[in-house]
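Input: a single structure, listed below in C-alpha cells.
Every read-out reported here was derived from the displayed coordinates using simple, explicitly stated rules and does not represent laboratory data. Please read all numbers here as calculations on a predicted model, not as lab measurements. Here the Cβ positions follow ideal geometry from the backbone for every residue, glycine too, while neighbour counts run over all protein chains shown.
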Amino acid sequence: MSPLLVILGIVAFVATLSEGALENWSAIYLRLSLGFPVTLGIL
C-alpha cells in the first residue's frame, strides 16, 4: 500500500470524525445557549 493512500485515508477519517463532533456540539449549542426546542436542535 502506498504511503500517499495511507495519508489520504487518515485525512478522510479525521474529517469524518470531526464533522460528526461538530454536528453534535451544534445541536447542544442551539438547545442550551439559544433556547431552541429539542426538535429543532436535532435537525
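Contact map, segment 1-27: residues that are closer than 25 Å to V38 by Cβ paired with residues that are surrounded by 10 or more Cβ atoms within 10 Å (Cβ to Cβ), Cβ distance under 6 Å, separation 6+ or inter-chain. Pairs shown: A27/G41; A27/I42. Counting residues in segment 28-43 that are small (G, A, S), under 13 Å from the mean Cα position of the chain (by Cα) and surrounded by 10 or more Cβ atoms within 10 Å (Cβ to Cβ) gives zero.
To keep it simple, each residue is scored yes or no on (1) aromatic (F, W, Y); (2) in a helix (DSSP H, G or I).
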| site | (1), (2) |
| --- | --- |
| V6 | no, yes |
| G9 | no, yes |
| F13 | yes, yes |
| T16 | no, yes |
| E19 | no, yes |
| N24 | no, yes |
| L30 | no, yes |
| G35 | no, no |
| L40 | no, yes |
